[in-house]
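Report on the structure given below.
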């Protein structure tokens, strides 16, 4: 309907020109100027209508047919994230996730003109992150999602936006006995991690037997098992474990230093290079504006032991 409004304006101007021509009398120059003005105004109205149509088709400033244009026009976005990880993605009492991953997703959505109330949060455990992207259940995944070559075979990563490192969490007082992954060569030590996660694969090289390893779908299940003495170690990225330690009232402790590098990326549909580049540009702008660090300080940076990050250099989009 909006595209027709300039045409109505043109019709009105044309009628006005005809009336002036019929009633004008002796000043031909005035009549000619009036007609030319009406024609120019009509042309401008047509151009404005065309621009409005192009903008609507392209989702604002985004090229027509891109993911950005489609999301901007829809005014909403579906984001896969964790619901069980303090500081990065933890559901509050209303069921809405909070944390650094969540804030990163909000920054990206905001650049698309989508407010946080129009974000649909989809709980996405580690084991199904590729699946929810491939089956179009989400538009992107921001879920402590380590970039690696195996995952790149199925999806495209933007980022990284943060680099973590794997470590161990034990019951308080036991960190003097389990000082790092090398201690796990003792086959009596029981270890827990999450299905489909990079840490669950990394830790295997340190174990005397695969029988030592228990895998759950969420890290909270691992933490519960540690609390119940069913396992002795929970392993994942340091910042995730710091979140659990911070909420444990001294019950848990970090054992040793980090022993891997885990670059977190934003997972999107395989081959969507334009969306990947848009996300990388958005993150770079957020760092320059200070909103990246603000997001960190409001979430993971609020606890003792965390270090303020700088945005890593982005990987090539492919």
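Here are the numbers for this structure:
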read-out: Separation of alpha-carbon centers, the range 61-118 and the range 282-316, rounded to whole Å; value: 17
read-out: Compactness relative to 2.2 N^0.38 Å, alpha carbon Rg of the range 166-255; value: 0.94
read-out: Exposure proxy order (Cβ contacts within 10 Å, fewest to most) of 122, 273, 233; value: 273, 122, 233
read-out: √(5λ) per eigenvalue of the Cα gyration tensor, the range 224-314, largest first, Å; value: 31, 17, 11
read-out: FRET efficiency for residue 270 and residue 291, using Cβ-Cβ distance with R0 set to 22 Å, rounded to 0.05; value: 0.15
read-out: Enclosed volume per residue, in Å³, of the convex hull spanned by Cα atoms of the range 268-318; value: 89
read-out: Value of relative contact order over the range 166-255, rounded to a whole percent, pairs C-alpha under 8 Å and six or more apart; value: 45
read-out: All Cα pairs of the range 167-219, percent lying beyond 17 Å; value: 32
read-out: Burial ordering of 246, 193, 209, fewest other beta-carbon atoms within 10 Å first; value: 209, 246, 193
read-out: Sequence-separation-based contact order of the range 57-157, relative, with Cα cut under 8 Å and 6+ spacing, percent; value: 28
read-out: Order of 178, 303, 108 under a 10 Å beta carbon neighbour criterion, fewest first; value: 303, 178, 108
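Every number here is computed from the coordinates shown, using simple stated rules; none is lab data. Everything quoted here is computed from the prediction, not taken from an experiment. Don't worry about glycine lacking a Cβ; one is built from the backbone with ideal geometry, like all the others, and counts go over all protein chains shown.
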